[in-house]
């Protein structure tokens, strides 16, 4: 049986409260990215990105162990992140992964500070490709 390996990261975005954002990210196990030239951000506002905390072979977390209840709590990364975004900021969360090339998957979600979001996935190419012809096989085995 093959394992699924994913890589994920976000774009850079501004937050309302840097301390609260950092505490949230640490609580759910995310790494925070900071631009190399933080003082050269076009509008002078510091921006941050996030990646899963498990390294380069991990997707966005969907649950976290709760030591108090010895159970698992669901994590909605885009939904929770939206609460930290500054006004008019949009965070884009991307993830790609594969299972020994049995299949390749990818998705992206964009969320704003109001909690509104849009998403897409690589599997949507099959619907779009129907405009080109009717004989389409899946890129998997």
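Could you check region 69-91 and list, in sequence order, the residues that are over 17 Å from residue 16 (Cα atoms), surrounded by 15 or more Cβ atoms within 10 Å (Cβ to Cβ) and under 11 Å from the mean Cα position of the chain (by Cα)?
none
Among 62, 2, 14, 6, which is the only one that is surrounded by 17 or more Cβ atoms within 10 Å (Cβ to Cβ) and under 30 Å from residue 138 (Cβ atoms)?
Selected residue: 6, the only one of 62, 2, 14, 6 that is surrounded by 17 or more Cβ atoms within 10 Å (Cβ to Cβ) and under 30 Å from residue 138 (Cβ atoms).
So, of the residues in region 92-104 that are without any contact (Cβ under 8 Å) to a residue 40 or more places away in the chain and either surrounded by 15 or more Cβ atoms within 10 Å (Cβ to Cβ) or within 17 Å of the chain's Cα centre (by Cα) (or both), which turns out to be nearest to residue 46 (Cα to Cα)?
Checked region 92-104; the qualifying residue nearest to residue 46 (Cα to Cα) is 104.
Kindly check whether there is at least one residue in region 119-130 that is out of contact with any strand residue (DSSP E or B) (no Cβ under 9 Å at 6 or more places or on another chain) and assigned to a loop (DSSP other than H, G, I, E, B).
Taking every residue of region 119-130 in turn, at least one turns out to be out of contact with any strand residue (DSSP E or B) (no Cβ under 9 Å at 6 or more places or on another chain) and assigned to a loop (DSSP other than H, G, I, E, B).
Read-outs throughout are calculated quantities, based only on the coordinates presented, and are distinct from any laboratory measurement. In this text, all values refer to a predicted model and were calculated from it rather than measured experimentally. With ideal geometry, Cβ positions are generated from the backbone for all residues, glycine too; neighbour counts draw on all protein chains shown.
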